[in-house]
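Asks: What follows is a structure written as structure tokens; I'll ask about it next.
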Amino acid sequence: MTKLAQAEAFLEAKQQEMIDLWENIIRIESPSNDVAGVNAVASYLTDYCRKVNLETKTYPFNQAGSSLIAYTPARHLPNIALVAHMDTVQPVGSFGADPITYQDGFLHGPGAYDCKGGIVIALFVIQALQQMGYDKRQLKLILSGDEEVAHQLSQGQGAKVFDLETPFTAAAFTCESARLSGDVITKRKGGAFYRFDIKGISAHAGNHPLGGASAIQEAAHKMIAIEKHTNPEGTTYNCGVIEGGTGTNIIPDTCTFKVGVRFKTNANLDQAEQLLQAINDQAFIDNTVSTLTKEAAFLAMEETEKTPDLFQLYHDTRSDLGFHKPKPLYVGGCSDSAYLTAKGIPTLCGVGVIGVDPHSPNERARVSSLQEQALTIVKTILDMPDQF
């Protein structure tokens, strides 16, 4: 029996175990701001990993769920990273007392698609390779605890875990939610989030209409100045949140608004920050002062020199297995893949469980895709040349 046949037989035999693990971690609801919930997932998975002979390491954070690392023994060749995240977006209880339902071959539940199914796939990729005696490269699973909020809760420390854990890495597979098309993400826009805090002068709007300095009016000028720089083919700006003032008869002395920026390259981020700082420093209304704060950011996932080679390996694997031949995708959403490609690590993203409607009450994933996606990654790793 070939190694690939061994892997296929292993995954078929473990189908129910894969589903059981999937259900168990979905039932531990873990929205990003529920630190106890995310840590409960991490604790459950730590115990699971140890049972399947993986070493583990945890990075705890004060105000965010932990990051969890699981790995096989070190090898001479650079390792393979498998990446996913444990946090979800729906408030606890949004899917009912039992958050899991099945319909038409899909499992519905909080994080079923984004991305707890991906965690299951990554773990069984590692187990399938272990079972066949694969020992060319160390396999390393990296699970984040606050990915959905761009590692804002951990003050960016969750992102720095990738610097610590991937200095000797040949390639990475991010087991984020996969498209129904089966196509694979090779590039993503980056995203950064900023807050403008504006101070003005309060005054009676009837008796002293010229005695104040409106922070809201200043914010309006700044928002117009920012959004006119949106380029749908490049960097885009969205002033999505605004709050200020205390009454219609009072000239407002405070206003806060938040801006989301999406960019194609990390050089574009530097340009966007310079633009925002210049607009922050310009006072459109006399006697107003503005402070700019960067709240969180995801780098852009850029193609590395070897990304096309990794994609071709994955494409050929799916063709050999009789699955849909994927196309490379460039998408606007962000992911932890960016921290890998920023280090020059070729990375394929969106190779987790196949499904639809992430971040929604109708989030669901196709049960049969667990084995299909896992087998594809296994064969891609088996076919990877030593010099990759």
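Asks: With θ set to phi - 60° and the Karplus curve 6.51 cos²θ - 1.76 cosθ + 1.60, what are the ³J(HN,Hα) couplings of segment 256-266 in order, to the nearest whole Hz, using x for Gly and Pro?
Replies: Each residue of segment 256-266 in turn: 10, 9, 10, 10, x, 10, 10, 9, 7, 10, 6 Hz.
Asks: Any chance you could give the angle, 0 to 90 degrees and rounded to 10, that helix 15-27 forms with the longest Cα principal axis of the chain?
Replies: The helix 15-27 is inclined about 20 degrees to the chain.
Asks: Follow-up question, since we're still on this one. Averaged per residue, what accessible surface does segment 314-386 expose to a 1.4 Å probe, in Å²?
Replies: Accessible area per residue: 33 Å².
Asks: When a/c is below 1.5 the answer is rounded, else prolate if a/b is larger than b/c, else oblate, so apply that to the chain with a ≥ b ≥ c taken from the square roots of the Cα gyration tensor eigenvalues. Before the final figure, lay out each step's value.
Replies: Working: a/c = 2.44, a/b = 1.97, b/c = 1.24.
Prolate.
Asks: Please list, ordered by chain and number, the residues whose modelled amide H lies under 5 Å from the amide H of LYS327; skip anything fewer than 5 residues away on the same chain.
Replies: Long-range HN contacts for LYS327: ASP183, VAL184.
Asks: Next up: Relative contact order of segment 21-112, please, whole-number percent, based on alpha carbon pairs below 8 angstrom and at least 6 residues apart.
Replies: Reported relative contact order: 32 percent.
Asks: Then there is this: Which whole-number value in Å² is the accessible area per residue of segment 160-287, probe 1.4 Å?
Replies: About 49 Å² of surface per residue is accessible.
Asks: Need the list of lysines near LYS199 for cross-linking: C-alpha distance under 30 angstrom, and skip anything on the same chain fewer than eight residues off.
Replies: Reachable lysines: LYS222, LYS228, LYS258, LYS294.
Asks: Which value in nm describes the separation of the simple spin-label points at SER368 and LYS199, placed 7 Å from the Cα toward the beta carbon?
Replies: Simple spin-label model gives 6.3 nm for this pair.
Asks: Next question. Between HIS208 and ALA278, how many nm apart are label points set 7 Å from Cα along the C-beta direction?
Replies: 3.6 nm
Asks: Using a 7 Å offset from the Cα along the Cα-to-Cβ direction at both ASN266 and LYS228, what is the distance between the two label points in nm, to one decimal?
Replies: 3.2 nm
Asks: Further, regarding this structure: For the chain, modelled as a GNM with alpha-carbon contacts under 10 angstrom, which of TYR314, TYR113, TYR330 fluctuates the most?
Replies: TYR330
Asks: Residue by residue, what Karplus-based ³J(HN,Hα) values in Hz, rounded to whole numbers, does segment 315-320 have, using 6.51, -1.76 and 1.60 with θ = phi - 60° and x for Gly and Pro?
Replies: Karplus values, whole Hz, x for Gly and Pro: 4, 5, 4, 5, 5, 4.
Asks: Taking H placed 1.01 Å from N in the peptide plane, check which residues at least 5 places from LEU77 or on another chain put their amide H under 5 Å from its amide H.
Replies: Counting only residues 5 or more places away or on other chains, the set is empty.
Asks: If Lys and Arg each add +1 and Asp and Glu each add -1, what is the summed charge of the other residues whose beta carbon sits under 11 Å from the beta carbon of ARG366? List each step's numbers first, then the result.
Replies: On the way: positive: ARG364; negative: ASP104, GLU372.
Result for the local shell: -1.
Asks: Give me a comma-separated list of calculated 3J(HN,Hα) values for segment 41-46, in order, Karplus coefficients 6.51, -1.76, 1.60 applied at θ = phi - 60°, integers in Hz, x for any Gly or Pro.
Replies: The phi angles translate into 4, 4, 5, 4, 6, 4 Hz.
Asks: What number, rounded to the nearest 500 deg cm²/dmol, is the helix-based mean residue ellipticity at 222 nm of the chain, given -39500 (n - 2.57) per DSSP H run of at least four residues and division by all its residues?
Replies: -10500 deg cm²/dmol
Asks: Apply 1/(1 + (r/R0)^6) to the Cβ-Cβ distance of GLU243 and MET1, taking R0 = 56 Å, and write down the FRET efficiency to the nearest 0.05.
Replies: Once the sixth-power term is evaluated, E becomes 0.30.
Asks: Ranked highest first by average number of other Cβ atoms within 10 Å, how do 65-76, 289-300 line up?
Replies: 65-76, 289-300
Asks: Of the accessible area of the chain, with the probe set at 1.4 angstrom, what percent is carbon plus sulfur? Don't skip to the end; give the middle numbers.
Replies: Details: 8100 of 16370 Å².
Of all accessible area on the chain, carbon and sulfur atoms account for 49 percent.
Asks: Cα gyration tensor of segment 132-183, axes a ≥ b ≥ c as square roots of the eigenvalues: rounded (a/c below 1.5), prolate (a/b > b/c) or oblate?
Replies: In terms of gyration-tensor shape, oblate.
Asks: Oh, and also: Work out the FRET efficiency for ASP135 and LYS306 from their Cβ-Cβ distance, taking R0 = 25 Å, and round it to the nearest 0.05.
Replies: Taking R0 as 25 Å, the efficiency between ASP135 and LYS306 is 0.65.
Asks: Okay, moving on. Under 17 Å from a label point 7 Å along Cα→Cβ of TYR102: give me every residue in segment 338-356 with its amide N that close.
Replies: The answer is 354.
The values are calculated or read from the model by the stated rules, or taken from the named source; none is laboratory data. Only a predicted model underlies this, so the values are computations on that prediction, with no experimental measurement involved. Methodologically, a virtual Cβ is constructed for each residue, glycine included, from the backbone with ideal geometry; neighbour enumeration extends over all protein chains shown. Please note that ligands, DNA and RNA were not included when accessible areas were found on the heavy atoms of the full protein model with its side chains. Shrake-Rupley method; radii C 1.70, N 1.55, O 1.52, S 1.80 Å.
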